[in-house]
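Chemist: One structure, as structure tokens, below. Some questions next.
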Amino acid sequence: MNAVPAEVMSVLTAYITAELTTVSQQGQPVTVPVLPLWQSRHQRVMVTTGIGLPHKIYNIRRTPKVSVLYSDPTGSGLDGEPAVLIQGDATVSAVTSWDDELAEWYSVAWQKQTKGIGTDPITRKYMSWYYQRVKIHVVPQRIRWWPDGDMTTSPKVVKL
Amino acid sequence: MSLGREINQAIITFEYGAVLALVEPDGYPVAVRCRPEPVNDGQALRIRRPAWLRFDSGPACLMAHSHDKHGWKLRGLIAKGTTTSDGMGIVFMPAQFRWIMRNRGNPVGLMRTALRSLAKSREDAEGYLRRTGQNPPPIPWRTIIAAKKRARST
């Protein structure tokens, strides 16, 4: 199995957001912004969603083929504006409110997103769905990347 | 105003443009960062063809989003439609367009939209639990609050 190149890893760990694309029942691609966590020990991406926003989970349950694009360097601190496109197979977990993986994801999210959804009494009452989450694990099959971010040019490619 | 022109006027307010997503023949979605331009009297949007993309027709999605360096001030939009090729690039013909996150505009309108979204998410959460036969897990608020405090202090 090929390893994920170091220049790709630096993007996967530094970018705050990425764009997850799933495919709907009608075959329509649907892209949403997500806050990804690269799990190097498993060589996979984890994103999560509150169950109040379940459409991507329904899509993945029907069609596990997804892509995760890293193309917005805002706040990453990286020089240049590299882009990385991961295509892979996704699985979804049961609904969870806390475990080791979510703890790691929250920790990264809270450090990168220094503002965000609160834990005040009103949020707890009306947005508990945000803290009831489904984990989405994406195992990469193919990674394309563009060191200068110009995606109209031919990418570097690695198959995993 | 035509839908294509409306989408374009919205997209140009995003520093990094938009993301066009298509589905490759092997079934995997593919997404590219792009800066669309209106064509056909603003009815459609043209995207520069990536040299490596060997197909261009089918259902497609155009999405833009932004955040500040703290991961906040979120804005986003999505347009769904289809793509074809006109020899000069990929042409996206929109069928639907909506903002998915908005923080500019009339405050009353924004509040009304936020409250509607909140109600819809609560319904969708209940629906997801019902459809998948799961019970809502208890939320360990003390653990979450303590972990958040630790993360923010590092």
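No lab work stands behind these numbers, since they all come straight from the coordinates. No experiment lies behind these values; they were computed from the predicted model shown. All Cβ positions, glycine included, derive from the backbone under ideal geometry; neighbour counts span all protein chains shown.
Chemist: Taking the Cα centre of the stretch A:1-100 as origin and charging only Cβ (+1 Lys, Arg; -1 Asp, Glu), how large is the dipole, in debye to the nearest 20? Could you put the intermediate results ahead of the total?
Modeler: Working: 6 positive and 8 negative charges, 101 e Å.
In debye, rounded to 20, the stretch A:1-100 gives about 480.
Chemist: Would you work out which of B:Ser66, B:Val23, B:Ile12 lies farthest towards the positive end of the dipole of the stretch B:3-101, given +1 charges on the beta-carbon of Lys and Arg and -1 on that of Asp and Glu, about the Cα centre?
Modeler: Farthest towards the positive pole: B:Ser66.
Chemist: Identify which of B:Thr113, B:Thr83, B:Thr132 has the largest mean-square fluctuation in a Gaussian network model of chain B, with springs joining Cα atoms closer than 10 Å.
Modeler: Judging by the Gaussian network model, the answer is B:Thr132.
Chemist: Rounded, prolate or oblate: which one fits the stretch A:70-134, using the alpha carbon gyration tensor with axes a ≥ b ≥ c (rounded when a/c is under 1.5, else prolate when a/b beats b/c, else oblate)?
Modeler: Details: a/c = 2.62, a/b = 1.46, b/c = 1.79.
It comes out oblate by the Cα gyration axes.
Chemist: Hey, got a sec? Which trypsin sites (Lys or Arg not before Pro) in the stretch A:24-56 land in a DSSP loop and have at most 11 other Cβ atoms within 10 Å? It would help to have the intermediate numbers written out before the result.
Modeler: Details: sites: A:Arg41, A:Arg44, A:Lys56; in loops: A:Arg41.
Those satisfying the criteria are A:Arg41.
Chemist: Report the Cα centroid-to-centroid distance between the stretch A:31-82 and the stretch A:100-141 in angstrom, as an integer.
Modeler: Cα centroid to Cα centroid, the span is 13 Å.
Chemist: Pick out, in residue order, every one of the trypsin sites (Lys or Arg not before Pro) in the stretch B:79-145 that is DSSP loop and has at most 14 other C-beta atoms within 10 Å; say none if there are none. Please list the in-between numbers first.
Modeler: Values: sites: B:Lys80, B:Arg98, B:Arg102, B:Arg104, B:Arg112, B:Arg116, B:Lys120, B:Arg122, B:Arg130, B:Arg131, B:Arg142; in loops: B:Arg102, B:Arg104.
Answer by residue number: B:Arg104.
Chemist: OK, next. Extent of the stretch B:42-84 along each principal axis, from alpha carbon coordinates, in Å, largest to smallest?
Modeler: 37, 25, 18
Chemist: Could you list A:Tyr70, A:Tyr58 so that the one with the fewest beta carbons within 10 Å of its beta carbon is first and the one with the most is last? Could you put the intermediate results ahead of the total?
Modeler: On the way: A:Tyr70 26, A:Tyr58 17.
Lowest count first: A:Tyr58, A:Tyr70.
Chemist: Here's a follow-up. Does the stretch B:107-153 come out rounded, prolate or oblate, given a ≥ b ≥ c as the square roots of the eigenvalues of its C-alpha gyration tensor, rounded meaning a/c under 1.5 and, failing that, prolate meaning a/b above b/c? List each step's numbers first, then the result.
Modeler: Numbers: a/c = 4.25, a/b = 1.16, b/c = 3.67.
Oblate shape, in that a/c is at least 1.5 and b/c is the bigger or equal ratio.
Chemist: Using the Cα centre of the protein assembly as shown as the reference point, and only Cβ charges (+1 on K/R, -1 on D/E), how large is the resulting charge dipole? Debye, rounded to the nearest 20. Mind dumping the intermediate values first?
Modeler: Values: 41 positive and 25 negative charges, 205 e Å.
So the dipole magnitude of the protein assembly as shown works out to roughly 980 debye.
Chemist: Follow-up question, since we're still on this one. Which whole number of Å³ per residue matches the convex hull of the alpha-carbon atoms in the stretch A:6-159? Walk me through the intermediate numbers first.
Modeler: Numbers: hull volume 18.0 nm³, N = 154.
So the per-residue Cα hull volume is 117 Å³.
Chemist: Per residue of B:10-21, count partner chain C-beta atoms within 10 Å of its C-beta, then hand back the mean as an integer.
Modeler: The mean count of partner-chain Cβ atoms within 10 Å per residue comes to 3.
Chemist: Per residue of the protein assembly as shown, what 222 nm ellipticity follows from adding -39500 (n - 2.57) for every DSSP H run with n ≥ 4, rounded to the nearest 500?
Modeler: Numbers: 8 runs with 88 residues, N = 314.
Per the formula, -8500 deg cm²/dmol.
Chemist: Is there a simple number for the mean count of other chain Cβ atoms within 10 Å of the Cβ of residues in A:110-120, and what is it?
Modeler: Numbers: counts 9, 4, 5, 6, 7, 7, 5, 0, 2, 7, 1.
For this peptide, the per-residue mean of nearby foreign Cβ atoms is 5.
Chemist: How crowded by other chains is B:124-131, given as the mean number of beta carbons from other chains within 10 Å of each beta carbon? Walk me through the numbers on the way to the answer.
Modeler: Numbers: counts 7, 11, 3, 4, 13, 5, 0, 3.
Other-chain Cβ atoms within 10 Å of each residue's Cβ, averaged: 6.
Chemist: Here's a follow-up. How would the stretch B:6-130 be classified by its alpha-carbon gyration tensor: rounded, prolate or oblate, with rounded meaning a/c under 1.5 and the a/b versus b/c comparison settling the rest?
Modeler: Numbers: a/c = 2.08, a/b = 1.55, b/c = 1.34.
Since a/c reaches 1.5 and a/b is larger than b/c, the shape of the stretch B:6-130 is classed as prolate.
Chemist: Past 29 Å, Cα to Cα, is the threshold; run A:Lys65/B:Lys149; A:Lys65/A:Lys156; B:Lys69/B:Lys149; A:Lys56/A:Lys159 against it and keep the listed order. Mind dumping the intermediate values first?
Modeler: Details: A:Lys65/B:Lys149 36 Å; A:Lys65/A:Lys156 21 Å; B:Lys69/B:Lys149 20 Å; A:Lys56/A:Lys159 25 Å.
With Cα atoms farther than 29 Å apart: A:Lys65/B:Lys149.
Chemist: Treating the beta-carbon of each Lys and Arg as +1 and of each Asp and Glu as -1, no other charges, what is the dipole magnitude of chain B about its Cα centre, to the nearest 20 debye? All intermediate terms of the calculation are to be shown ahead of the outcome.
Modeler: Details: 25 positive and 12 negative charges, 207 e Å.
It comes to approximately 1000 debye.
Chemist: Now for a different question. Can you pull the three principal axis extents for the Cα set of the protein assembly as shown, in Å, largest first?
Modeler: 59, 51, 38
Chemist: Here is a further query. Which of these, A:Ala18, A:Ala94, A:Ala109, has the largest mean-square fluctuation under a Gaussian network model of chain A (Cα springs below 10 Å)?
Modeler: Per the Cα network of chain A with a 10 Å cutoff, A:Ala94 tops the list.
Chemist: Under the definition of Cα pairs under 8 Å and six or more residues apart, what whole-number percent is the relative contact order of chain B? Could the numbers behind the result be given before it?
Modeler: Working: 222 pairs, mean separation 25.8, N = 154.
Relative contact order, chain B: 17 percent.
Chemist: Loop by DSSP (not H, G, I, E, B), at most 14 other beta-carbon atoms within 10 Å: where is the longest site-free stretch of chain B for chymotrypsin sites (Phe, Trp or Tyr not before Pro)? Please report the intermediate quantities before stating the final value.
Modeler: Numbers: sites that count: B:Phe55, B:Trp72.
Within chain B, the longest run free of exposed chymotrypsin sites (Phe, Trp or Tyr not before Pro) spans B:73-154.
Chemist: Select from A:Met9, A:Gln26, A:Gly149 the residue farthest towards the positive end of the dipole of the stretch A:6-159; place +1 on Cβ of Lys and Arg, -1 on Cβ of Asp and Glu, and compute about the Cα centre.
Modeler: Comparing the listed Cα positions along the dipole, A:Gln26 ranks first.
Chemist: Between B:Ser117, B:Ile144, B:Leu77, whose Cα lies farthest towards the positive end of the dipole of chain B when Lys and Arg beta carbons carry +1 and Asp and Glu beta carbons carry -1, centred on the Cα centre?
Modeler: The listed residue farthest towards the positive side: B:Ile144.
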